[in-house]
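Nothing in this text is a laboratory measurement; each read-out follows from the coordinates by a stated rule. Note that the structure is predicted; figures quoted are calculated from it, not measured. Positions of Cβ are generated from backbone atoms using ideal geometry, with glycine treated the same way; all protein chains shown enter the neighbour counts.
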């Protein structure tokens, strides 16, 4: 059976209430990330209290290390996750980073040059849910803190499924809500009040960091990512909670 016959249904756009694909949404997200690009990495470090470094290391440690692999990093941003993977796995034969924001990619190129990794990476601008890349071109497709920003997460997962070779792995890192009610309550206070204040103070863009806390809450409450991964066709799905459940690492295989 061909991929066209057996692959996930790209036409379904109602997986998350109120989050449907549109050019307006796509353009608004692109413009927002273009605006905050210069302070984006700094704010990630500040708002996570530096824990983002350990999250990326744990993420990279999930990659194979016994054979040559080709990796695609969607919503690559300034390239921090891709750099972590390349530094911790010298068996990455080919690495591609894709992002909707050209300003983010410009910073990513500079970061790759500083890290001495430019010759190992190809960077392209594009929509993570609708790439122009060929079917089955990668052993691993990754996404760090990006899937909640796409209008339809199911479509993004379907695209990841399409891009993977048989037996390939999807790795997704995303914010989550802690299961413990006390910790969750404290985390929500932090998201609703501290994140927008600090984000606005450092980036001078109040809208962007109000958007951040809104997307985290709505995504966590409305999206069952493992269920969507199963529906998209993945198997061997797992979810690992990090830092008291404030972040989760999801992995799955394309059978």
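Shape class of segment 17-253 from the alpha-carbon gyration tensor: rounded, with the ratio a/c of largest to smallest axis under 1.5.
The label point for residue 189 and the one for residue 204, both projected 7 Å from the Cα toward the Cβ, are 3.2 nm apart. Using Cα springs under 10 Å in a Gaussian network model of the chain, which residue among 104, 229, 112 shows the largest mean-square fluctuation? Sorting by GNM fluctuation, first place goes to 112. With the alpha-carbon atoms of segment 139-229 aligned to their principal axes, the span from lowest to highest coordinate is 45, 32, 19 Å, starting with the largest.
Report the paramagnetic label zone for residue 253: residues of segment 207-245 whose backbone N is under 11 Å from a point 7 Å from Cα along the Cα-to-Cβ axis. In segment 207-245, the label zone of residue 253 (backbone N under 11 Å from the point 7 Å along Cα→Cβ) covers 235-237.
Computed from the Cβ-Cβ distance with R0 of 30 Å, the FRET efficiency linking residue 165 to residue 243 stands at 0.40. In this simple spin-label model, placing a label point 7 Å from the Cα along the Cα-to-Cβ direction at both residue 67 and residue 197 gives a separation of 5.2 nm. Classify segment 56-137: rounded, prolate or oblate, from the alpha-carbon gyration tensor (a ≥ b ≥ c, eigenvalue square roots; a/c under 1.5 rounded; otherwise prolate if a/b is larger than b/c)? Cα axes put segment 56-137 in the oblate bin. For residue 135 and residue 215 in one chain, what is 0.36 nm times their gap in residues minus the Cα-Cα distance, to one decimal in nm? Additional length available on full extension: 25.8 nm.
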